[in-house]
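Okay, so here's the structure we're looking at.
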Amino acid sequence: MYVLLESFISVVTIICIRNLIKVMYVKVTGNDNWKEITRIITDAIFQIFDSKGIIGVFLLICLLGPVAEETICRLGLSFKKNHVYISIICFVLYLPFLFILNYVSIILAIVVSILLVFFTYKKITQDLLDIIKEKYGVVIFHIIAFAFAILHLKNLSPLKAHLFIVYIIYLLPMLSFSYISSYIRLQIGFAYSVGFHIFFNSIFFLFMVKHVM
């Protein structure tokens, strides 16, 4: 429980720091870039509620999203063979949702997943994964943490070059959350990182509901 409390306080602290940086940025630059980001986020919130409804948004943000993202980004951090393969397969199956979602892309993702398992599962041993963990585990840990944060920029698409600094400020809490969730996964288990993710997404869901109601 101490790890969860420590993690919760850390994320809240980072969000407060982000908001302080935001205020300083607006005062120093005097421009309306942050207002533009706020408008983009608000428009995205209304759009997702219009398309999926409140129940659909709840299931996506508070249940399916956290489980999928934790499975893709953090289950494999154990470097256990089955965990790694589940993470990779889930990532491949998730790719159509990131780029072009249609029947062809979904079928292609399924075929690639099957072929990946068929041709590599027996060749990739736990001993090999242990060596990779020892040599590159820390690097992989950081790459996944940054990738998790950067992938959330799709929520602000289309991206605009003049908002680059604002994007960085926007991603600070996401990056810190990624590291903290990874820390929870490695310290006390995957189920706890999923629960932690669900908890924070539920807070964000309530914030979204407040905006649309």
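The values are calculated or read from the model by the stated rules, or taken from the named source; none is laboratory data. Bear in mind the structure is a predicted one, so any value in this text is a computation, not a measurement. Glycine also receives a Cβ, built like all others from the backbone with ideal geometry; neighbour counts cover every protein chain displayed.
Annotations
- Qualifying residue in region 83-104 (condition: at pLDDT 95 or above, touching a Phe, Trp or Tyr at 6+ places or on another chain (Cβ under 7 Å) and in a helix (DSSP H, G or I)): yes
- Pair list, Cβ < 6 Å and 6+ apart or interchain, from region 196-213 residues that are exposed (fewer than 13 other Cβ atoms within 10 Å of the Cβ) to residues that are modelled with pLDDT under 85 and in a helix (DSSP H, G or I): His211/Ile45
- Which numbered condition Phe164 fails, given (1) within 20 Å of Glu36 (Cβ to Cβ); (2) under 16 Å from the mean Cα position of the chain (by Cα); (3) of a type in the set (Phe, Trp, Tyr): (2)
- Exactly one residue among Pro173, Pro158 is farther than 26 Å from Lys80 by Cβ and outside any helix (DSSP H, G or I), and that residue is Pro158.
- Checking each residue in region 147-168 for being closer than 18 Å to Asn19 by Cα, surrounded by 14 or more Cβ atoms within 10 Å (Cβ to Cβ) and aromatic (Phe, Trp, Tyr) picks out only Tyr167.
- Of all residues in region 176-213, those being at positive phi and assigned to a helix (DSSP H, G or I) number 0.
- Of residues in region 113-155 being charged (D, E, K, R) and part of a helix (DSSP H, G or I), the one farthest from Asp43 (Cα to Cα): Asp127
- Contact annotation: residue pairs with Cβ atoms under 8 Å, 6 or more positions apart or on different chains, pairing a residue in region 27-51 that is over 23 Å from Leu206 (Cβ atoms) and of a type outside the set (Gly, Ala, Ser) with a partner that is at pLDDT 70 or above and part of a helix (DSSP H, G or I), are Asn33/His162; Asn33/Leu163; Asn33/Ile165; Asn33/Val166; Glu36/Leu163; Glu36/Val166.
- Within region 71-126, restricting attention to residues that are of a type in the set (Lys, Arg) and under 30 Å from Ile184 (Cβ atoms), the residue that is surrounded by the fewest Cβ atoms within 10 Å (Cβ to Cβ) is Lys80.
- All of Phe164, Phe141 fail the test of being out of contact with any strand residue (DSSP E or B) (no Cβ under 6 Å at 6 or more places or on another chain), aromatic (Phe, Trp, Tyr) and in contact (Cβ under 8 Å) with a residue 40 or more places away in the chain, apart from Phe141.
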